[in-house]
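Right, one structure below, let's go through it.
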2 protein chains.
Amino acid sequence: MVTFSEENYLKAIYHLAMRNDALVSTNGIAKKMHTKASSATDMIKKLSEKGLVNYQKYKGVHLTEKGRLAAVSVIRKHRLWEVFLVKKLNFSWDEVHEVAEQLEHIKSEKLTQQLDVFLEYPTKDPHGDPIPDCDGNMPSTQKLLLSKIEPNNSCICIGVKDSTSNFLQYLDKHNIALGTKITVISKEAFDESMTIKINKKQWVISKEVTHNLFVKIN
Amino acid sequence: MVTFSEENYLKAIYHLAMRNDALVSTNGIAKKMHTKASSATDMIKKLSEKGLVNYQKYKGVHLTEKGRLAAVSVIRKHRLWEVFLVKKLNFSWDEVHEVAEQLEHIKSEKLTQQLDVFLEYPTKDPHGDPIPDCDGNMPSTQKLLLSKIEPNNSCICIGVKDSTSNFLQYLDKHNIALGTKITVISKEAFDESMTIKINKKQWVISKEVTHNLFVKIN
DNA sequence: ATTTAAATTTAGGCAAGTCTAAAAATTTAC
DNA sequence: GTAAATTTTTAGACTTGCCTAAATTTAAAT
């Protein structure tokens with residue numbers, strides 16, 4: 001039995017490790033969880049006793065296979081619920097996160113499975129992130145930050161790195177959605193701002209934008 | 001901010017009081033919550049401090065208006081989710097309760113509202129229980145136990161008192177569903193068993209069944 | 001290589017929600 | 001109308017998840 005809080009820590013560790021089974025630091029976990037390092041240490045010990053992470057004092061942790069499966073299961077539920085909220089309940093992509101944070105902890109194999117069926121097996125959530133399958137396989141996606149694209153090349157927007165409401169609303173306002181084709185006109189070395197063209201309309205975006213938008217080469 | 005556990009107690013008190021604002025006993029609450037009387041006392045004090053119940057030591061509690069609204073809100077969510085599970089995710093009526101017990105605690109006004117829209121404003125859950133509106137009004141339903149129907153009268157099944165899987169599966173097996181017309185042929189004084197007729201087929205049901213099936217006069 | 005800084009862990013404490021055991025109040029029974 | 005039985009409350013303790021403050025370990029800097 002994995003508690004609500006344990007699931008959140010596992011998810012945090014998964015995201016920090018970024019599928020590399022790199023060691024994750026106590027401070028990193030505490031920061032991500034908005035708790036103190038001492039709280040993180042407490043939880044790490046508990047996760048370690050349950051065999052969900054490997055832990056070496058002062059060194060850091062990484063997920064065991066059991067822990068990885070638990071984390072991915074939560075992520076799967078989170079992303080399926082996000083699809084549900086957007087596709088069926090008319091939520092916009094900047095409103096879904098908070099509610100999905102609650103729904104991801106509902107424990108029912110059948111519920112998750114039937115939700116997947118009902119949504120017709122989506123492979124991406126509303127922010128372009130991949131949805132793991134029920135066996136815990138996370139589809140790998142090679143995605144580039146827009147900032148890496150050279151002038152005179154074009155690309156397709158496939159996801160966001162930052163998924164805060166502010167950023168998502170910015171994108172909505174400027175008609176940048178998943179699937180939008182972006183042509184890079186020029187880059188400014190000074191402030192890393194970039195001139196881009198979408199649908200014949202051309203304007204300048206800051207590095208805050210180019211560093212948080214994932215694209216693929218056309 | 002009402003916690004998960006507080007919501008469960010409020011729901012229990014609501015159901016025990018049965019919309020009469022009758023006093024509910026500590027022991028009654030403890031029994032319903034599967035906890036000990038001392039735990040119930042602790043929680044009652046907390047609910048009282050929050051203004052959700054009126055409490056007099058050794059006498060009992062009843063919900064304040066604020067408490068009633070909180071309880072009804074949880075019940076509304078529970079029943080909406082049950083409809084969702086049955087109508088959209090192919091759950092059967094005996095499988096929904098446990099999952100709905102979890103979903104009922106999700107906090108999002110918009111979620112509940114949009115779910116109601118998505119389900120096209122259902123007024124009854126899969127067991128025939130009324131779904132309160134978003135202002136906390138519980139539709140009143142006058143329903144009779146099948147045991148009260150006299151021989152040679154017929155009635156329509158509109159709900160269940162006991163909604164355990166065992167009973168619901170019994171009803172499924174014998175093709176008794178909400179809306180089914182039942183004609184009472186005779187009653188046995190000795191064991192309160194009853195001979196009934198459904199679709200020209202006639203058989204005997206025990207008092208355990210007649211005391212747990214709600215009907216309305218045709 | 002030792003000192004300083006940063007990260008991590010330990011120690012002790014707090015609130016929520018539960019428990020057991022014992023005390024107090026109420027109800028029931030004769 | 002008092003004694004026994006039941007119900008309810010209190011007292012003290014445990015677990016989870018968090019905190020602050022202090023101690024320890026590791027890393028960085030000169």
From the list B:E49, B:E104, B:E98, B:E82, exactly one residue is more than 16 Å from DNA strand D (Cβ to nearest atom), out of contact with any His (no Cβ under 8 Å at 6 or more places or on another chain) and not assigned by TED's automatic domain parsing to the domain that holds B:K161. Which is it? B:E98
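Taking the options A:M18, A:M1, A:M43, A:M33, name whichever one is more than 29 Å from B:Q102 (Cα to Cα) and not β-branched (V, I, T). So that I can check it myself, show each step before the final result.
Working: A:M1 fails: more than 29 Å from B:Q102 (Cα to Cα); A:M43 fails: more than 29 Å from B:Q102 (Cα to Cα); A:M33 fails: more than 29 Å from B:Q102 (Cα to Cα).
Checking each option against the conditions leaves just A:M18.
For B:S140, are the conditions met, namely being under 19 Å from B:F167 (Cα atoms), surrounded by fewer than 14 Cβ atoms within 10 Å (Cβ to Cβ) and not aliphatic (A, V, I, L, M)?
So B:S140 fails the test.
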What is the number of the single condition among (1) of a type in the set (S, T, N, Q); (2) touching a residue at least 60 places away in the same chain (Cβ under 8 Å); (3) within 12 Å of chain A (Cβ to nearest Cβ) that B:S73 does not meet? (3)
Kindly list the number of the only condition in (1) in contact (Cβ under 8 Å) with a residue 60 or more places away in the chain; (2) within 21 Å of A:L171 (Cβ to Cβ); (3) surrounded by fewer than 17 Cβ atoms within 10 Å (Cβ to Cβ); (4) not polar (S, T, N, Q) that fails for A:E95. (3)
Test result for B:L213, under 29 Å from B:Y14 (Cα atoms), out of contact with any His (no Cβ under 8 Å at 6 or more places or on another chain) and surrounded by 12 or more Cβ atoms within 10 Å (Cβ to Cβ): yes
Run A:K57 past the list (1) touching a helix residue (DSSP H, G or I) at 6+ places or on another chain (Cβ under 8 Å); (2) within 8 Å of DNA strand C (Cβ to nearest atom) and report the number of the one that doesn't hold. (1)
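Per-residue answers, yes or no, for (1) away from chain B (no Cβ under 14 Å); (2) surrounded by 16 or more Cβ atoms within 10 Å (Cβ to Cβ); (3) within 9 Å of DNA strand D (Cβ to nearest atom):
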position	(1), (2), (3)
A:M18	yes, no, no
A:T26	yes, yes, no
A:S39	yes, yes, yes
A:V53	yes, yes, no
Residues being more than 8 Å from DNA strand D (Cβ to nearest atom), surrounded by 18 or more Cβ atoms within 10 Å (Cβ to Cβ) and either on the phi > 0 side of the Ramachandran plot or among the basic types (K, R) (or both): count how many of those fall in the range B:55-69. 1
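In the range B:81-94, what count of residues is obtained for those that are at the interface with chain A (Cβ under 8 Å from one of its Cβ atoms) and farther than 27 Å from B:E6 by Cβ? Working first, answer last.
Within the range B:81-94, the first condition is being at the interface with chain A (Cβ under 8 Å from one of its Cβ atoms), and the residues that meet it are B:85, B:88-91.
Subsequent filtering for residues that are farther than 27 Å from B:E6 by Cβ retains B:88-91.
Total meeting the criteria: 4.
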Of the residues in the range B:1-16, those that are within 13 Å of DNA strand D (Cβ to nearest atom) and within 14 Å of chain A (Cβ to nearest Cβ) number 3
Across (1) within 14 Å of chain B (Cβ to nearest Cβ); (2) within 16 Å of DNA strand C (Cβ to nearest atom); (3) not β-branched (V, I, T), A:K45 clears everything bar (1)
Filter the range B:101-127 for residues that are within 14 Å of chain A (Cβ to nearest Cβ), on the phi < 0 side of the Ramachandran plot and of a type in the set (D, E) and give the result. B:E101, B:E104, B:E109, B:D116
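Taking A:A12 as the residue in question, decide whether it is near DNA strand C (Cβ under 10 Å from one of its atoms) and crowded, with 16+ Cβ neighbours inside 10 Å.
no
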If you check B:I131 against the conditions, is it buried (at least 20 other Cβ atoms within 10 Å of the Cβ), closer than 22 Å to B:W81 by Cβ and among the β-branched types (V, I, T)? yes
Name the pairs: first residue in the range B:121-137 and charged (D, E, K, R), second residue at pLDDT below 95, Cβ to Cβ under 7 Å, at least 6 apart or on different chains? B:K124/B:P130; B:D129/B:G159
Among (1) away from DNA strand C (no atom under 16 Å from the Cβ); (2) buried (at least 19 other Cβ atoms within 10 Å of the Cβ), where does B:N90 come up short? (2)
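The values are calculated or read from the model by the stated rules, or taken from the named source; none is laboratory data. Computed from a prediction, not measured in an experiment: that's the story for all the values here. With ideal geometry, Cβ positions are generated from the backbone for all residues, glycine too; neighbour counts draw on all protein chains shown.
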